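The values are calculated or read from the model by the stated rules, or taken from the named source; none is laboratory data. On a predicted model such as this, the values are computed, not experimentally measured, just so you know. Note that each Cβ is placed from the backbone with ideal geometry, even for glycine, and that neighbours are counted across all protein chains shown. To get the accessible areas, we keep the full protein, side chains included, count just its heavy atoms, and leave off ligands, DNA and RNA. Shrake-Rupley method; radii C 1.70, N 1.55, O 1.52, S 1.80 Å.
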Amino acid sequence: MTTKTKKGRIVIDSKLCKGCYFCMSVCPNELIVISTESNEKGYYPARFTETKDEKDRKCTGCAMCAVICPDIAIEVYRG
Amino acid sequence: MEKVVFKRPKYMKKAPFHYCPGCGHSIIHRLMAEVIEELGIGEKTIGVPPAGCAVLAYDYFDIDMGEAPHGRGAALATGVKRILPDRIVFSYQGDGDIAAIGTAETIHAANRGENITVIFVNNSCYGMTGGQMAPTTLLGQNSTTTPGGRDKDRDGAPIDLSEMLAITRGAVYIERTAVNSIKNIRKTKKAITKAFKVQMAGLGFSLIEILSPCPTNWKMSPVDACKWIDEDVMQTFPLKVIKDETG
Ligand SMILES: Cc1ncc(C[n+]2csc(CCOP(=O)(O)OP(=O)(O)O)c2C)c(N)n1
Ligand code: SF4
Ligand code: SF4
Ligand code: SF4
Ligand SMILES: [Mg+2]
């Protein structure tokens, strides 16, 4: 039997993001950084650093980043 | 199987907010939409937005809304609720709106025990008009009309509107919360849920005051604005249940 630990993943909508840094400041695993390229509105959006098929992903899907995001720019998946 | 554990709530349109980065209004809107969805009252809730930065709230909430003139949210909500008593009616008001120009309407609606819910967003300034002093501006706080800081002798002291409303006979539930941290955001959601339930049970007037960051007028980064709420704003406006007569 294999024990599978649940993993999380987030998707950030870079068009909605205003680069407020809230998500970065709360992520317990420091998985979010600010992009070096600005979006259409001129904000530097947040970027999730893990990819979907990466092994040993650290994101737990705790959703803290999404709960504090003022612009509803983050969707969270778990499983 | 992967599941979505967090997404845009049903009653929040997919419209980008016009608010500044890190503005508390946006977090409060989303929490309210979540509560409306969870309580299953989306089809019978009517919101009353204010003059202030939240003036365009009707562009974001996918529920019925009717704009109030500056300060008159509780009066307009009273009228709506009396005509349509089976609806859930809330007004959404800034601190300048509710604690300056709208003081009279608010106190009398609370005192009459109108069965409405007031969401009072305290960002300790007149946000929309460029950061003038509000009655809730802290002593020592810089604003465009109190350069060098609010001075008690010259400008008067901050007003404790929620505490004042708590002594009215008709107020049933009053709580002060904040949206500057995960913990406080969760508590705010609980408080809004409680206030709506008070109204759904027909108990009377409920109000949630929410300390909310205005990074732009406070001239701080969003993260610093949240810290400032913890370190300074809460010294003047402590988080607590101010009145609970729900039994
Ligand atoms: C009768 C009237 N007087 C003045 C104004 C100008 N005005 C618009 S918003 C506002 C104050 C907004 O401050 P607040 O209620 O704290 O809301 P915030 O923008 O901070 O969320 C004022 C004075 C107005 N719209 N109507
Ligand atoms: S869901 Fe949790 S762990 Fe994953 S990015 Fe967001 S805050 Fe970090
Ligand atoms: S909290 Fe939201 S708006 Fe702020 S930086 Fe993160 S994704 Fe962008
Ligand atoms: S001025 Fe303040 S209250 Fe208004 S949108 Fe900007 S941050 Fe929010
Ligand atoms: Mg204000």
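Against the conditions (1) open to solvent by 30 Å² or more (accessible area, probe 1.4 Å); (2) under 17 Å from B:Cys20 (Cβ atoms), where does A:Arg47 fall short? Just the number, please.
If we test A:Arg47 against (1) open to solvent by 30 Å² or more (accessible area, probe 1.4 Å); (2) under 17 Å from B:Cys20 (Cβ atoms), just (2) comes out false.
Could you list all residues from the stretch B:5-45 that are polar (S, T, N, Q) and within 22 Å of B:Cys226 (Cα to Cα)? Don't jump to the end; show me each part of the working.
From the stretch B:5-45, those polar (S, T, N, Q) are B:26, B:45; that's our starting set.
The answer is B:Ser26, and nothing else.
Filter the stretch B:197-216 down to the residues that are surrounded by fewer than 23 Cβ atoms within 10 Å (Cβ to Cβ) and farther than 12 Å from B:Ile174 by Cα and list them by number. Full working, then the answer.
Quick first cut of the stretch B:197-216, residues surrounded by fewer than 23 Cβ atoms within 10 Å (Cβ to Cβ) only: B:197-198, B:200-204, B:215-216.
Once the filter is applied, which keeps residues that are surrounded by fewer than 23 Cβ atoms within 10 Å (Cβ to Cβ) and farther than 12 Å from B:Ile174 by Cα, the stretch B:197-216 yields B:Lys197, B:Met200, B:Ala201, B:Gly202, B:Leu203, B:Pro215, B:Thr216.
Quick one: in the stretch B:133-146, which of the residues that are within 16 Å of B:Val121 (Cα to Cα) and in contact (Cβ under 8 Å) with a residue 24 or more places away in the chain is farthest from ligand 5 (Cβ to nearest atom)?
Taking the stretch B:133-146 first, the residues within 16 Å of B:Val121 (Cα to Cα) are B:133-138.
Keeping just the survivors that are in contact (Cβ under 8 Å) with a residue 24 or more places away in the chain gives B:134-136, B:138.
Working: B:Ala134: 6, B:Pro135: 10, B:Thr136: 7, B:Leu138: 13 Å.
Once the filter is applied, the top-ranked residue is B:Leu138.
Need pairs with beta-carbon distance below 8 Å; first residue over 15 Å from A:Gly19 (Cα atoms) and within 16 Å of ligand 2 (Cβ to nearest atom) and within the stretch B:19-37, second at pLDDT below 95 and among the charged types (D, E, K, R); sequence gap 6+ or separate chains.
Correct list of pairs: empty, since none qualify.
Go through the stretch B:72-124 and count every residue that is under 17 Å from the mean Cα position of the chain (by Cα) and at positive phi.
1
Can you name every one of the strands (runs of 3 or more DSSP E) wholly within the stretch B:1-118 that holds 2 or more residues which are aromatic (Phe, Trp, Tyr)? Even if it seems obvious, please write down each step before you answer.
Values: elements: B:3-6, B:45-48, B:88-94.
Passing ranges, in order: B:88-94.
Tell me the residue from B:Ile36, B:Ile27, B:Ile41, B:Ile46 that is surrounded by 24 or more Cβ atoms within 10 Å (Cβ to Cβ), of a type in the set (A, V, I, L, M, F, W, C) and either more than 14 Å from the chain's Cα centre (by Cα) or more than 16 Å from B:Val121 (Cβ to Cβ) (or both), please. Even if it seems obvious, please write down each step before you answer.
Working: B:Ile27 fails: either more than 14 Å from the chain's Cα centre (by Cα) or more than 16 Å from B:Val121 (Cβ to Cβ) (or both); B:Ile41 fails: surrounded by 24 or more Cβ atoms within 10 Å (Cβ to Cβ); B:Ile46 fails: surrounded by 24 or more Cβ atoms within 10 Å (Cβ to Cβ).
Criteria check complete, one pass: B:Ile36.
In the stretch A:22-44, which residue that is touching a Gly at 6+ places or on another chain (Cβ under 7 Å) and within 16 Å of ligand 4 (Cβ to nearest atom) is most open to solvent (accessible area, probe 1.4 Å)?
For the stretch A:22-44, the residue satisfying everything is A:Tyr43.
Could you grab me the full set of residues in the stretch B:1-24 that are among the aromatic types (Phe, Trp, Tyr) and either closer than 17 Å to A:Met64 by Cβ or open to solvent by 60 Å² or more (accessible area, probe 1.4 Å) (or both)?
Pass one, the stretch B:1-24, residues among the aromatic types (Phe, Trp, Tyr): B:6, B:11, B:17, B:19.
Once the filter is applied, which keeps residues that are among the aromatic types (Phe, Trp, Tyr) and either closer than 17 Å to A:Met64 by Cβ or open to solvent by 60 Å² or more (accessible area, probe 1.4 Å) (or both), the stretch B:1-24 yields only B:Phe6.
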